[in-house]
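Enquirer: Supplied in structure tokens, the structure appears directly below.
The values are calculated or read from the model by the stated rules, or taken from the named source; none is laboratory data. Just so you know, these numbers come straight off a predicted model, no measurement behind them. No Cβ is skipped: glycine too gets one built from the backbone with ideal geometry, and neighbour counts run over all protein chains shown.
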């Protein structure tokens, strides 16, 4: 599952690598910031938004 905003893109995959990209500074998505402690709050906030969307649309994919 994926969520993005004006600057950030988060890809969550329960069976694969999760990814966070800063699209302003890394438009080619070459530097995965998902495991960078400096971005832990951003990952948590965006994951929460994605899980809220899942509830609204009835998506039951487990994102962990």
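Enquirer: On the basis of being surrounded by 13 or more Cβ atoms within 10 Å (Cβ to Cβ) and under 10 Å from the mean Cα position of the chain (by Cα), does residue 29 make the cut? It would help to see each step written out before you state the result.
Expert: Details: surrounded by 13 or more Cβ atoms within 10 Å (Cβ to Cβ): yes; under 10 Å from the mean Cα position of the chain (by Cα): no.
In short, no.
Enquirer: Still on this structure: Any residue at all in region 10-23 that is in contact (Cβ under 8 Å) with a residue 40 or more places away in the chain and either surrounded by 12 or more Cβ atoms within 10 Å (Cβ to Cβ) or touching a strand residue (DSSP E or B) at 6+ places or on another chain (Cβ under 7 Å) (or both)? I'd like the intermediate steps shown before the answer.
Expert: Let us first name the residues in region 10-23 that are in contact (Cβ under 8 Å) with a residue 40 or more places away in the chain, namely 10, 12, 14.
Of the ones still in play, those that are also either surrounded by 12 or more Cβ atoms within 10 Å (Cβ to Cβ) or touching a strand residue (DSSP E or B) at 6+ places or on another chain (Cβ under 7 Å) (or both) are 10, 12.
Yes: region 10-23 contains one or more residues that are in contact (Cβ under 8 Å) with a residue 40 or more places away in the chain and either surrounded by 12 or more Cβ atoms within 10 Å (Cβ to Cβ) or touching a strand residue (DSSP E or B) at 6+ places or on another chain (Cβ under 7 Å) (or both).
Enquirer: Does region 37-52 contain any residue that is farther than 17 Å from residue 63 by Cβ and under 9 Å from the mean Cα position of the chain (by Cα)?
Expert: No: region 37-52 contains no residue that is farther than 17 Å from residue 63 by Cβ and under 9 Å from the mean Cα position of the chain (by Cα).
Enquirer: From the list 57, 43, which one is surrounded by fewer than 16 Cβ atoms within 10 Å (Cβ to Cβ) and either in contact with a helix residue (DSSP H, G or I) (Cβ under 6 Å, 6 or more places away or on another chain) or modelled with pLDDT of 90 or more (or both)? Please lay out each step first, then the result.
Expert: Numbers: 43 fails: surrounded by fewer than 16 Cβ atoms within 10 Å (Cβ to Cβ).
Going through 57, 43 in turn, the sole match is 57.
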